[in-house]
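Just below is one structure, and these are the notes that go with it.
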Amino acid sequence: MIEAIEQSSVLKPFYQDESCTIYNADCRKVLPFLPSFDLVVADPPYGMEFQSNFRAVKHSKIEGDERLPVDLIWLAMSKALRASYVFCRWDNLSMMPRCKSVIAWVKNNWSMGDLKHEHGRQWEACCFYPESMHEFITRIPDVIYADRTGNDLHPTEKPEKLIRTIIGANVGETILDPFMGSGTTLVAAKLEGRRAVGIEIDEEYCQIAVNRLRQKVLF
């Protein structure tokens, strides 16, 4: 599959090794030229125009975060042979394609939010969309506990443990992440012995992902 991508004159990888390929581009321009993948693991912008304001070194504003990109979610899911996992906030669920299950990622702390009239949010949702070829290696519950990363690399960074749990539960050798961010899905795929392709519009995060992949030594 990776070889087939290389042959396309349209796509030029930002980075490529024996297991992972990264494209620095808008995923809407790349996805139509990609083949199918066993699993799609996507963490799209939530449509909340998030920007970190509580750090000494602030993260850049997330590209495309003015709305939930439902059209791109559908496009990405069309590439899945076995299953798609798509992260979202609780208030995105009504806009998401109808799913088979909703996984709750439970964090080790909660958000500030409205301190007077809102419960502290301690979880994020991940919608599960199985295809006809889907098969579990290990059936996992719809609640996964994983500590937050601290968002040192990306404002909405997901922990490796969370993504490894999802990938490791499913049959499938190839993974697609169309909103790659800092590359957690590719790192998790590499650690699980899978092959992965990530697409990210921000070059800064592409380089962060490359650095993370180069640091992972498999034994």
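Quick notes
- Among the residues of the range 168-209, just one is of a type in the set (Phe, Trp, Tyr) and under 18 Å from Val86 (Cβ atoms), namely Phe179.
- Residue within the range 201-217 that is more than 23 Å from Lys12 (Cα to Cα), modelled with pLDDT of 95 or more and either open to solvent by 20 Å² or more (accessible area, probe 1.4 Å) or more than 15 Å from the chain's Cα centre (by Cα) (or both) present: no
- Output for the range 32-44, where each listed residue is surrounded by 19 or more Cβ atoms within 10 Å (Cβ to Cβ) and either small (Gly, Ala, Ser) or outside any strand (DSSP E or B) (or both): Leu34, Ala42, Asp43, Pro44
- Residue count for the range 146-179 under the criterion of being closer than 16 Å to Met77 by Cβ and in a loop (DSSP other than H, G, I, E, B): the result is 3.
- Selected residue (criterion: modelled with the highest pLDDT) from residues of the range 77-103 that are open to solvent by 50 Å² or more (accessible area, probe 1.4 Å) and closer than 19 Å to Arg121 by Cα: Val102
The values are calculated or read from the model by the stated rules, or taken from the named source; none is laboratory data. None of these values were measured; they are calculated from a predicted model. Cβ sites come from the backbone with ideal geometry, for glycine too, and all protein chains shown count toward neighbours. Quick note on the areas: whole protein, heavy atoms, side chains included, nothing else; ligands and nucleic acids left out. Shrake-Rupley method; radii C 1.70, N 1.55, O 1.52, S 1.80 Å.
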